[in-house]
Amino acid sequence: MNHGDAFRYDSGHDVPVRGFLHRPATPGDGLILTHGAGANCQAPLLVAFAESFCAQGFTVLRCDLPFRQSRPHGPPPRGSAERDQQGLRAAVASMRGMISGRVFLGGHSYGGRQSSMLAAEEPGLVASLLLLSYPLHPPQRPEELRTAHFPRLQTPSLFVHGVRDGFATSDEMATAVKLIPARTEVLSIPLAGHELLSGKNRDELPGTVVKAFRSFARAC
């Protein structure tokens with residue numbers, strides 16, 4: 001298994017990038033993955049996906065968002081979104097310095113949401129988004145939708161959604177993505193919740209997502 005090498009990037013202008021870099025034998029495209037509000041880049045989901053994407057030729061950077069670099073535990077503090085997006089922008093810059101192929105961006109839950117918000121503000125920053133368990137609304141509060149930026153999102157986006165996710169039903173997700181003018185696709189994962197990865201699908205899920213994302217990105 002390729003568990004990645006410790007990675008550090010300081011541009012002098014942006015927030016620092018900290019994480020682990022997975023390099024394939026023959027580099028192609030690059031993927032940046034980041035974590036949810038209660039996790040870090042060592043989350044089993046990110047490790048499993050990074051290894052699977054790397055095995056298929058992607059250079060993968062799984063990185064800690066700035067809020068996690070500042071505090072090892074707990075959710076992001078109020079007002080941290082702008083700095084977290086700056087961190088993702090810096091991660092994209094670091095990836096562009098390492099590969100000649102396309103750069104993709106995404107993450108799990110909060111990390112995916114910040115990735116999509118950054119892409120909505122900066123069309124063309126990355127080729128496509130991989131959004132794992134997008135937190136459409138807080139559990140049991142479906143009226144608090146996190147879709148205000150969707151109509152401005154010009155970046156093709158693949159949503160990977162567990163059908164038992166408390167942050168969005170399948171119907172809610174299908175309705176929400178219609179707000180996005182760019183190409184979208186929802187990959188539904190049967191029996192999965194917000195964490196996606198479980199004992200029942202641990203072996204096959206990463207490969208399933210890699211195959212779906214490669215097909216999606218190829219068509220964009």
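The values are calculated or read from the model by the stated rules, or taken from the named source; none is laboratory data. Everything numeric here is computed off the predicted structure, so don't read it as measured data. Here Cβ is always computed from backbone atoms with ideal geometry, including for glycine, and neighbour counts include all displayed protein chains.
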(message) Restricting to region 1-44, and then to whatever is over 15 Å from Phe67 (Cα atoms) and of a type in the set (D, E, K, R), can you tell me which residue is modelled with the lowest pLDDT?
(response) Asp10
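Conditions tested, residue by residue: (1) of a type in the set (Asp, Glu); (2) out of contact with any Asp or Glu (no Cβ under 9 Å at 6 or more places or on another chain); (3) surrounded by fewer than 20 Cβ atoms within 10 Å (Cβ to Cβ); (4) closer than 28 Å to Arg83 by Cα.
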{"position": "Leu136", "(1), (2), (3), (4)": "no, no, no, yes"}
{"position": "Thr147", "(1), (2), (3), (4)": "no, yes, yes, yes"}
{"position": "Leu153", "(1), (2), (3), (4)": "no, yes, no, yes"}
{"position": "His161", "(1), (2), (3), (4)": "no, yes, no, yes"}
{"position": "Arg164", "(1), (2), (3), (4)": "no, yes, yes, no"}
{"position": "Glu185", "(1), (2), (3), (4)": "yes, yes, yes, no"}
{"position": "Ser188", "(1), (2), (3), (4)": "no, yes, yes, no"}
{"position": "Leu191", "(1), (2), (3), (4)": "no, yes, yes, no"}
{"position": "Gly207", "(1), (2), (3), (4)": "no, yes, yes, no"}
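Please specify each residue of region 194-205 satisfying the condition of being buried (at least 17 other Cβ atoms within 10 Å of the Cβ) and closer than 13 Å to Phe49 by Cα.
Here is the first cut: in region 194-205, the ones buried (at least 17 other Cβ atoms within 10 Å of the Cβ) are 194-197, 205.
Once the filter is applied, which keeps residues that are buried (at least 17 other Cβ atoms within 10 Å of the Cβ) and closer than 13 Å to Phe49 by Cα, region 194-205 yields Glu195, Leu196, Leu197, Leu205.
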(request) Go through (1) within 14 Å of Gly36 (Cβ to Cβ); (2) at pLDDT 95 or above and name the single condition Leu197 misses. (result) (2)
(message) If I filter region 73-82 for residues that are surrounded by fewer than 18 Cβ atoms within 10 Å (Cβ to Cβ), at pLDDT below 95, farther than 23 Å from His149 by Cβ and basic (Lys, Arg), do I get at least one hit?
(response) no
(request) Starting from residues that are without any contact (Cβ under 8 Å) to a residue 40 or more places away in the chain and not small (Gly, Ala, Ser), keep the ones in region 97-124 and report whichever is surrounded by the most Cβ atoms within 10 Å (Cβ to Cβ). (result) Leu118
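Considering only region 105-220, give the strands (runs of 3 or more DSSP E) lying wholly within it that have at least 2 residues that are more than 13 Å from the chain's Cα centre (by Cα) and over 24 Å from Gln42 (Cα atoms).
Because the criterion is at least 2 residues that are more than 13 Å from the chain's Cα centre (by Cα) and over 24 Å from Gln42 (Cα atoms), the strands (runs of 3 or more DSSP E) in region 105-220 that meet it are 184-189.
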(request) Filter region 83-104 down to residues that are of a type in the set (A, V, I, L, M) and assigned to a loop (DSSP other than H, G, I, E, B), then give me how many there are. (result) 2
(message) Among the residues of region 14-36, what is the count of those that are farther than 19 Å from Ser80 by Cβ and part of a loop (DSSP other than H, G, I, E, B)?
(response) 7
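Only one of Ser94, Ser70, Ser80 is polar (S, T, N, Q), touching a residue at least 12 places away in the same chain (Cβ under 8 Å) and within 28 Å of Phe167 (Cβ to Cβ). Can you tell me which? Don't jump to the end; show me each part of the working.
Numbers: Ser94 fails: within 28 Å of Phe167 (Cβ to Cβ); Ser70 fails: touching a residue at least 12 places away in the same chain (Cβ under 8 Å).
Of the residues listed, the single one that is polar (S, T, N, Q), touching a residue at least 12 places away in the same chain (Cβ under 8 Å) and within 28 Å of Phe167 (Cβ to Cβ) is Ser80.
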(request) Return the pairs, sorted by first residue and then second, in which the second residue is charged (D, E, K, R), the first residue lies in region 125-139 and is within 11 Å of Phe104 (Cα to Cα), the beta carbons are less than 6 Å apart, and the residues are 6+ apart or on different chains. (result) Ala127/Arg102
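Can you confirm whether Gly57 is modelled with pLDDT of 95 or more, surrounded by fewer than 19 Cβ atoms within 10 Å (Cβ to Cβ) and either touching a Cys at 6+ places or on another chain (Cβ under 9 Å) or part of a loop (DSSP other than H, G, I, E, B) (or both)? Walk me through it before giving the result.
Working: modelled with pLDDT of 95 or more: yes; surrounded by fewer than 19 Cβ atoms within 10 Å (Cβ to Cβ): yes; either touching a Cys at 6+ places or on another chain (Cβ under 9 Å) or part of a loop (DSSP other than H, G, I, E, B) (or both): yes.
Against the criterion (modelled with pLDDT of 95 or more, surrounded by fewer than 19 Cβ atoms within 10 Å (Cβ to Cβ) and either touching a Cys at 6+ places or on another chain (Cβ under 9 Å) or part of a loop (DSSP other than H, G, I, E, B) (or both)), Gly57 qualifies.
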